[in-house]
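The values are calculated or read from the model by the stated rules, or taken from the named source; none is laboratory data. Because the structure is a prediction, the values reported are computed rather than measured. Cβ atoms come from the backbone with ideal geometry, glycine included; neighbour counts cover every protein chain shown. Side chains included, ligands, DNA and RNA excluded: accessible areas come from the protein's heavy atoms. Shrake-Rupley method; radii C 1.70, N 1.55, O 1.52, S 1.80 Å.
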Amino acid sequence: MLPLRLQQAERTAILLGDAVYTLAWDAAKGWVLLSTWDPGTYFPEWPEDGE
């Protein structure tokens, strides 16, 4: 699925000028999940302590 996710983000980057990738660990399945987001709707939540 990696090539498809990269292609999806590239199409967004061409139209909007940027792309957002997120990586998460799925402990139940034991692998990394790659997601792409529309940059206009992605708002990261930063911890209060700055880490």
- line: Expected single match for part of a strand (DSSP E or B), of a type in the set (A, V, I, L, M) and at pLDDT 80 or above among Ala9, Ala24, Ala28 is Ala24
field: Residues of the range 15-29 that turn out to be under 16 Å from Met1 (Cα atoms) and open to solvent by less than 100 Å² (accessible area, probe 1.4 Å), as a count
entry: 3
- request: State which residue pairs qualify: first residue closer than 10 Å to Trp37 by Cα and inside the range 5-19, second residue hydroxyl-bearing (Ser, Thr, Tyr) and modelled with pLDDT under 80 in any location, beta carbons under 6 Å apart, and separation of 6 or more residues or different chains.
  value: Ala19/Thr12
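Is it the case that the range 34-49 has a residue that's at positive phi and exposed (fewer than 10 other Cβ atoms within 10 Å of the Cβ)?
No, the range 34-49 has no match at all.
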